[in-house]
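Below is one structure, written out as structure tokens; the observations come after it.
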Amino acid sequence: MRLGSKWFFFLICLLVLFVLLQTLFLFVWKMSFGFSSFLALCFALPFAFLYVRFALLGRIRILTHRTRESAAGLFATQSQVFPDDEWGELSRAVSDLYGQLKKEMDKVSGENEYCRAILAGMAEGVLLLNERGRTLMANDTAQKLLGISEKIRDKTTLEIIRDVQLEQAVQDILGGGAAKTFELSLPAFSKGFEETVFEVNVAPISPSKGESAARRVNGAIVVFHDISRLKDLERIRKDFVANVSHELRTPLTSIKGYTETLLDGAWKEEVALQFIQVIERHTDRLIKIVEDLLTLSKIESQGFRLRMEDIGVLEWIDNALNEVRERAAKKNISLPVSGVSPSLHAKGDRDYLEQVLLNLLDNAIKYTEEAGKIEISAIEKKDSGEILFQVRDNGIGIPREDLSRIFERFYRVDKGRSKEMGGTGLGLSIVKHIVMAHGGRVWAESQPGKGSTFYFTLRQTPNSQYKT
């Protein structure tokens with residue numbers, strides 16, 4: 001029975017009850033018409049109240065309870081409480097409404113997870129700010145790059161980063177300004193640079209179409225691009241251009257000067273031979289610089305290939321020592337070899353690896369005083385399958401601030417002394433690139449006045465291949 005029919009039947013019953021009671025009071029108990037009607041109404045109303053209370057309000061309470069469950073996320077599989085009347089239709093409508101709401105909530109939740117995954121996978125740091133310039137969230141990259149904790153919600157950028165330029169840019173954006181891009185330098189938190197340089201993009205979050213036009217922005221998004229490596233490479237490039245220009249200009253100027261002097265008639269004088277010898281020396285220096293530059297260029301080229309072979313480490317070291325033994329003897333420098341097993345073998349390009357060892361030994365001889373000592377050792381690292389080589393001297397050493405740059409092209413710790421000793425400033429750079437081409441690592445340790453130790457690693461060839 002439909003709800004309308006039930007109410008009609010209830011009203012008919014109530015009217016019949018009222019008429020019967022009125023007739024009883026009027027004709028049986030001989031009361032007046034008005035008083036009989038009043039008493040009949042007083043008896044009929046409680047029945048109407050009880051019906052409404054249990055038949056109507058009870059159903060409203062049940063439907064309200066189901067609605068609250070749905071609002072709390074407890075989406076019932078069957079929420080049609082009254083399937084045969086208007087209450088059933090209302091119940092089904094509420095069920096459908098919350099079914100659609102659940103779908104929309106699942107969709108929004110999925111989109112939120114998708115956005116969070118994108119933010120987590122970004123190489124750039126991202127800060128999201130509300131319309132008051134307070135932080136809503138920061139992705140993992142931003143926390144790592146900026147050295148901030150997770151407890152940054154509702155803080156301003158000035159409280160987090162303490163940079164006036166960034167805070168001013170955010171306030172300009174929130175005031176309706178256009179997007180801005182600028183560079184920002186901060187102390188380094190996770191890299192080997194003295195400072196971290198960011199390219200910062202600050203952009204407004206525009207209000208949605210349904211929002212009031214009076215609100216110009218809903219907030220701002222700040223993106224941090226770490227360009228420290230690019231800045232470092234730019235510095236290296238500028239230094240390289242300046243250094244190579246200087247390195248080439250010095251011998252070319254000397255050659256030109258002596259050549260002009262000879263052309264002016266000095267070739268007839270006794271000093272002509274000395275002039276020619278100076279020209280030859282500077283020409284040899286230019287040739288050496290060009291050869292080293294070509295070697296570096298070849299190693300760094302995409303088509304560069306190593307001729308890999310198994311190398312007996314002890315034999316390889318002995319060959320390199322034979323090349324420098326005469327120069328070491330002139331300064332009375334000893335060249336002991338320690339910890340190198342005759343069965344130890346490495347995998348690499350013999351010619352290039354000999355160049356690595358020769359460059360390191362040549363440097364050590366140049367910067368070790370008379371009667372010094374240069375020790376070579378090779379340690380087998382079984383856990384990593386590598387061989388760790390060490391070239392240790394007790395020479396003048398390298399200042400700590402220069403250690404991170406000694407493998408750069410043309411970088412010299414003592415420029416004047418390096419030139420006097422005939423170095424091109426490219427030897428250690430060649431060492432670095434050859435070792436890296438072999439899949440190894442190279443680094444140095446030093447104390448001024450106590451000497452330096454250069455380390456590099458190579459892949460080891462298992463000894464079992466050489467057992468007979």
Restricting region 446-461 to residues that are farther than 17 Å from Asn359 by Cα and part of a strand (DSSP E or B), the one farthest from the chain's Cα centre (by Cα) turns out to be Thr461
TODO: State yes or no: is Lys298 part of a helix (DSSP H, G or I), under 28 Å from Ile374 (Cα atoms) and open to solvent by 80 Å² or more (accessible area, probe 1.4 Å)?
DONE: no
Ile387 fails exactly one of (1) of a type in the set (A, V, I, L, M); (2) over 40 Å from the mean Cα position of the chain (by Cα); (3) modelled with pLDDT of 90 or more, namely (2)
Test result for Phe240, touching a residue at least 24 places away in the same chain (Cβ under 8 Å), outside any helix (DSSP H, G or I) and either on the phi > 0 side of the Ramachandran plot or of a type in the set (Phe, Trp, Tyr) (or both) = no
Scanning region 276-319 for residues that are among the polar types (S, T, N, Q) and under 22 Å from Leu426 (Cβ atoms), the one modelled with the highest pLDDT turns out to be Thr283
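Yes/no matrix, rows are residues, columns are (1) in a helix (DSSP H, G or I); (2) open to solvent by less than 70 Å² (accessible area, probe 1.4 Å); (3) within 27 Å of Gly176 (Cα to Cα):
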| site | (1), (2), (3) |
| --- | --- |
| Leu101 | yes, no, no |
| Lys107 | yes, no, no |
| Gly110 | yes, yes, no |
| Leu119 | yes, yes, yes |
| Leu129 | no, yes, yes |
| Leu136 | no, yes, yes |
| Lys144 | yes, no, no |
| Lys151 | no, no, no |
| Lys155 | no, no, yes |
Of the candidates Lys298, Lys256, Lys231, the one satisfying the condition of being in contact with a Phe, Trp or Tyr (Cβ under 9 Å, 6 or more places away or on another chain) and free of Cβ contacts under 8 Å to residues at least 12 places away in the same chain is Lys298
Residue hits (region 323-349; touching a Phe, Trp or Tyr at 6+ places or on another chain (Cβ under 9 Å) and surrounded by fewer than 18 Cβ atoms within 10 Å (Cβ to Cβ)) are Ser343
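Test of understanding: among Ala272, Ala242, Ala266, which residue is surrounded by 11 or more Cβ atoms within 10 Å (Cβ to Cβ) and under 28 Å from Lys432 (Cβ atoms)?
Selected residue: Ala242, the only one of Ala272, Ala242, Ala266 that is surrounded by 11 or more Cβ atoms within 10 Å (Cβ to Cβ) and under 28 Å from Lys432 (Cβ atoms).
Listed here are the residues, each with its yes/no results for (1) farther than 30 Å from Lys373 by Cα; (2) part of a loop (DSSP other than H, G, I, E, B).
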| site | (1), (2) |
| --- | --- |
| Phe275 | yes, no |
| Thr283 | yes, no |
| Ile287 | yes, no |
| Leu293 | yes, no |
| Asp310 | no, no |
| Leu321 | no, no |
| Arg327 | no, no |
| Ser341 | no, yes |
By residue number, the members of region 157-189 that are surrounded by 18 or more Cβ atoms within 10 Å (Cβ to Cβ), in a helix (DSSP H, G or I) and of a type outside the set (Val, Ile, Thr) are Leu166, Ala169, Leu174
Here the residues within region 270-289 that are within 23 Å of Leu353 (Cβ to Cβ) and of a type outside the set (Lys, Arg) are Ile289
Residue pairs qualifying under the 6 Å Cβ cut-off, at least six apart or on distinct chains, with the first in region 388-408 being at positive phi and the second being open to solvent by less than 40 Å² (accessible area, probe 1.4 Å) and among the polar types (S, T, N, Q), are Gly397/Ser446; Gly397/Ser452
- Task: Tell me, yes or no, whether region 306-322 has at least one residue that is open to solvent by 50 Å² or more (accessible area, probe 1.4 Å) and touching a Gly at 6+ places or on another chain (Cβ under 8 Å).
- Result: yes
Going through region 410-468 in order, the residues found to be within 14 Å of Gly348 (Cβ to Cβ), of a type in the set (S, T, N, Q) and modelled with pLDDT under 90 are Gln460, Thr461
Lys381 vs (1) within 30 Å of Phe240 (Cβ to Cβ); (2) within 42 Å of the chain's Cα centre (by Cα): all pass except (1)
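The values are calculated or read from the model by the stated rules, or taken from the named source; none is laboratory data. What you see is a predicted model, and the numbers here were worked out from it, not measured in a lab. Note that each Cβ is placed from the backbone with ideal geometry, even for glycine, and that neighbours are counted across all protein chains shown. Surface accessibility is based on the protein's heavy atoms, side chains included, excluding ligands, DNA and RNA. Shrake-Rupley method; radii C 1.70, N 1.55, O 1.52, S 1.80 Å.
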